[in-house]
Every structure is written in structure tokens, then in C-alpha cells.
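> Can you keep this structure in mind? I'll have questions shortly.
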Amino acid sequence: MRITQISEQFGSAIEGSPQENVAKIDTNTVKDLIKSRGVVMFSGFGTPLTEFEKFIRQFGDKFMTYQGGGYVRRKVSPDDTLLSTRYDYGREKQETWGLPLHGEMYYTDLRPVLLWFFCEKPAASDGETTVCDGAQIYNALSSESKELLRTKKLKYIRRYKDGEWQLLYQTDDLDEAIKFCSGNGISARAEDGRVLATEYVHSGIVKNRWADHWVYINNILPVVWQEQQLGRQTSIVRLEDGSTIPQRLIDEVVAAQQRLMIPLPWKKGDFAAIDNTRALHGRRPFQDTEREVFLRMVREVAF
């Protein structure tokens with residue numbers, strides 16, 4: 001097996017063969033790569049899901065469910081923490097559109113530090129998971145955009161009808177959903193009977209867990225895309241004063257991401273570790289509706 005750099009400043013790959021077992025990889029080496037490189041891709045090993053599950057527990061086992069998330073995800077494991085990234089709830093086939101780059105669950109205090117993606121079945125073509133260095137994106141922004149992000153936070157505004165919030169908050173009790181929100185930094189209230197309205201305010205930039213530098217990481221682009229392209233009003237994002245996010249900032253971020261974005265091509269049994277305090281991730285569009293990539297989110301790590 002060998003370790004290579006995916007790009008000069010960001011991302012590493014540990015490449016092997018089906019004759020090699022990931023259990024033989026030094027865990028301290030992996031931890032160092034996560035901390036210094038932001039993304040670690042494990043490719044070519046053809047790792048079975050059971051071996052993947054054993055391997056990742058060495059890096060933290062405080063796994064999260066997707067309660068309060070932005071989508072309805074199919075649960076793969078008995079403890080509800082291994083999740084399918086397919087978007088097919090209530091549909092015969094999964095949606096195959098691409099997903100803009102984003103941080104995972106930056107609309108709640110309850111978000112993961114580390115993400116693990118596992119490829120059960122790659123798309124016949126395309127459908128790569130994409131990653132991008134939020135530190136490089138921040139450095140690429142104009143001084144005006146940096147100042148805006150330093151001085152004004154984002155506000156995620158969600159309003160879900162009866163029948164919708166139950167799926168996202170995984171409870172039929174509206175009071176329990178409101179309690180969950182309040183315990184995770186989200187302002188929540190019931191409106192019009194059983195409509196759940198929430199607001200969450202958070203900065204669009206953070207300090208990386210393992211380095212003293214600013215990182216652009218948030219959920220602006222997927223939420224704006226859903227509002228502008230899909231016409232959805234149940235989940236929107238604004239500046240904390242309620243004003244629209246300047247198009248100038250969005251254009252700068254998109255331009256930087258187009259230049260810096262890296263696709264992770266999948267083969268069955270490949271997997272990747274992603275630092276959710278530095279690396280944004282997304283997905284390229286595809287046509288094969290049988291694509292299956294699993295996600296496991298880690299709330300806490302000890303390194």
C-alpha cells in the first residue's frame with residue numbers, strides 16, 4: 001500500500017489492493033492525515049462493510065443518528081447510525097442530481113466532527129463524492145466577503161408542516177421535537193396548530209479543529225439551490241438580520257469551489273474520512289439509480 005497526496009495542500013489517499021487488509025494500516029498515521037490533510041481516501045482494498053465498521057471504530061465510536069437533519073435518510077444499521085445517502089424517500093427511484101458543496105448539519109449545534117463515507121455500489125459512471133478545502137475557499141474570498149462573514153452570522157429558517165417534521169425529527173410528539181431543537185441551539189415554536197417553525201443562527205466560518213485558521217464551511221449553497229432551483233420555501237437561509245445573502249459572496253464561493261473542488265471516484269469497498277470542521281463535501285450528478293454510498297457521522301473524537 002502507498003500514501004499519496006490528492007492535491008498539494010489538501011487531501012491524501014491510502015491506496016492498496018484486495019490482497020491487503022485495512023486493519024494493517026497504522027491508526028496514528030490515519031489520525032495525522034485527517035488532522036493535517038482534511039480528507040483521507042482509502043481506495044483499492046475492496047473492503048467489506050463489516051471490516052469498514054471495525055476499522056472506523058478506532059477513530060471514535062460516538063456515532064450519530066440523523067435526527068434534525070435536512071433530509072429523510074434510510075437507516076442501514078440497527079442503531080440507526082449507518083445511513084444511506086440515497087435521496088429516494090417516497091419515490092420509486094432515487095434522485096440523481098448533484099449536490100452543492102456544504103458542511104454536514106451546520107444548521108444545528110448537534111453536528112459531527114468526522115464523517116465516514118463507504119461505497120457499497122458506485123454509479124455506473126459519474127456520481128463521485130466531491131470535496132473541497134474550506135480554508136482555501138476562505139483565503140480566496142475578497143476582503144469585503146471575509147468582513148461580511150466575520151461580522152454577520154447566518155440564519156437558517158425552517159418551517160415544516162404536520163407530517164414533515166415527524167420524519168426529520170424522528171418523533172410524533174411536537175413537544176419532543178421542540179425540546180430537541182432547544183437543546184441544540186435552535187429556536188423552535190409551533191405555528192398554525194402543528195407546524196414546526198425553527199431558526200438557527202451560526203457563523204458561516206469556523207476555526208478548524210486541528211489548526212488555528214479560518215474555514216468557510218456552512219450550508220448556504222444547498223439551501224439556496226433548493227430555494228432558487230427547486231422552489232422550496234420550507235428551508236431557507238439568510239443573514240442574521242433577515243436580509244438576503246449577497247450574490248457577490250455566493251459567486252465568489254462558487255468560483256473558488258470550481259477551481260478547488262476534488263472528485264473522489266468510487267469503487268466498491270472504497271471509503272473516505274472527512275474532517276467536518278474543514279472539508280466541504282457534495283456530489284456530482286449521475287444516472288445510475290442503483291448507486292449506494294453509506295454515511296456514518298462521528299460526534300466526538302479523542303484526537
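> Relative to the Cα centre, what is the charge dipole magnitude of the range 19-146, using +1 at the beta carbon of each Lys and Arg, -1 at the beta carbon of each Asp and Glu, and rounding to the nearest 20 debye?
So the dipole magnitude of the range 19-146 works out to roughly 160 debye.
> Something else now. Positive end of the dipole of the chain, charges at C-beta (+1 Lys, Arg; -1 Asp, Glu), about the Cα centre: which of Thr65, Ala255, Ser77 has its Cα farthest in that direction?
Ala255
> Work out, step by step, the length gained on full extension between Lys35 and Ala124: first 0.36 nm times the residue separation, then minus their alpha carbon distance; give nm to one decimal.
The Lys35-Ala124 span can extend by a further 28.8 nm.
> Below 24 Å Cα-Cα, how many Lys pairs turn up in the range 1-111? Only count pairs eight or more apart in sequence, or on different chains, if you could.
Qualifying lysine pairs in the range 1-111: 11.
> Could you report the range 51-189's accessible area per residue, 1.4 Å probe, as an integer in Å²?
On a per-residue basis, the range 51-189 sits at 44 Å².
> Convert each backbone phi in the range 272-281 into a coupling constant with the Karplus relation 6.51 cos²θ - 1.76 cosθ + 1.60 (shift: θ = phi - 60°), then list the ³J(HN,Hα) values in order as whole Hz, x for Gly and Pro.
After applying 6.51 cos²θ - 1.76 cosθ + 1.60, I find 8, 9, 10, 6, 7, 9, 9, 9, 8, 9 Hz.
> Given N residues in the range 90-129, what is its alpha carbon radius of gyration divided by 2.2 N^0.38 Å?
The value comes to 1.49.
> So, one more: How much accessible surface does Cys132 have with a 1.4 Å probe, in Å² rounded to 10?
Here the residue's solvent-accessible area equals roughly 0 Å².
> Can you give the log10 of the normalised intensity I(q)/I(0) at q = 0.07, 0.10, 0.11, 0.16 Å⁻¹, computed with Debye over equal Cα scatterers of the chain?
-0.26, -0.55, -0.67, -1.45
> Report Rg/Rh for the range 168-213, rounded to two decimals, where Rg is the Cα radius of gyration and Rh the Kirkwood radius.
1.18
> Dipole magnitude of the chain about its Cα centre, charges +1 at Lys/Arg Cβ and -1 at Asp/Glu Cβ only, in debye to the nearest 20?
320
> While we're looking at this one, here's another question. Could you list the GluC sites (Glu not before Pro) in the range 62-162 that lie in coil according to DSSP, counting only those with at most 11 other Cβ atoms within 10 Å of their Cβ?
Glu92
> Also, I was wondering about something else. Using the beta-carbon distance between Gln233 and Gln19 and R0 = 41 Å, what value does 1/(1 + (r/R0)^6) give for FRET efficiency, to the nearest 0.05?
The computed FRET efficiency comes out at 0.20.
> Accessible area, 1.4 Å probe, largest first: how do Ser84, Ser7 sort?
The ordering from most to least exposed comes out as Ser7, Ser84.
> Give the aspartates and glutamates reachable from Lys155 as a straight Cα distance under 12 Å; neighbours fewer than 8 places away on the same chain don't count.
Those aspartates and glutamates meeting the cut-off are Glu199, Glu240, Asp241.
> With the full set of protein chains in place, find how many percent of the accessible area of the range 124-211 is carbon and sulfur; take the probe as 1.4 Å.
So the carbon and sulfur contribution to the accessible surface is 43 percent.
> Considering the dipole of the range 97-174 built from charges on the beta carbon (Lys and Arg +1, Asp and Glu -1) around the Cα centre, which of Leu167, Ile157, Gly98 is farthest to its positive end?
Value: Ile157.
> Bin by bin, in steps of 5 Å, what percent of the Cα pairs in the range 1-82 do you find, going until the bin that has the longest distance?
Using 5 Å bins, I get a P(r) of 3, 12, 20, 20, 18, 16, 9, 2, 0 for the range 1-82.
> At a Förster distance of 25 Å, what's the computed FRET efficiency of Trp225 paired with Ala302, Cβ-Cβ distance as r, to 0.05?
The computed FRET efficiency comes out at 0.10.
> Starting from 0.36 nm per residue, how many nanometres of slack lie between Asp241 and Met1 once their C-alpha separation is accounted for?
Net length gain for the segment: 81.2 nm.
> Given Leu239, Gly193, Ala124, which one lies farthest toward the positive end of the charge dipole of the chain, if we put +1 on the Cβ of every Lys and Arg and -1 on the Cβ of every Asp and Glu?
Checking the options against the dipole of the chain, the answer is Leu239.
> Determine the distance separating the Cα centre of the range 1-53 from the Cα centre of the range 168-214; give it in Å without decimals.
Here the answer is 34 Å between Cα centres.
> For the range 1-113, which whole-number percentage of the solvent-accessible area (1.4 Å probe, protein heavy atoms only) is attributable to carbon and sulfur atoms?
Looking at the range 1-113 in its full context, I get 45 percent from C and S.
> Per-residue ellipticity at 222 nm for the chain, helices alone: DSSP H runs ≥ 4 residues times -39500 (n - 2.57), over residue total, nearest 500 deg cm²/dmol?
Value at 222 nm, helices only, nearest 500: -7000 deg cm²/dmol.
> Could you state how much accessible area Ser243 has, in square angstrom rounded to the nearest 10, with a 1.4 Å probe and all protein chains kept in place?
Estimated to the nearest 10 Å², Ser243 gives 40 Å².
> Further question: Dipole size in debye (nearest 20) for the range 78-220 around its Cα centre, Lys and Arg Cβ +1, Asp and Glu Cβ -1?
Around 560 debye, computed over the range 78-220.
> Compute the whole-percent fraction of alpha carbon pairs in the range 93-235 spaced more than 25 Å apart.
40
> For the modelled label position 7 Å from the Cα of Thr151 along Cα-to-Cβ, which residues of the range 241-273 have backbone nitrogen atoms closer than 18 Å?
Residues 241-250 fall inside that zone.
The values are calculated or read from the model by the stated rules, or taken from the named source; none is laboratory data. Quantities reported herein were computed from a predicted structural model and do not represent experimental measurements. Using ideal geometry, Cβ is built from the backbone for each residue, glycine included, and neighbour counts are taken over all protein chains shown. For the accessible areas, the whole protein counts, side chains as well, though only heavy atoms, and no ligand, DNA or RNA atoms are used. Shrake-Rupley method; radii C 1.70, N 1.55, O 1.52, S 1.80 Å.
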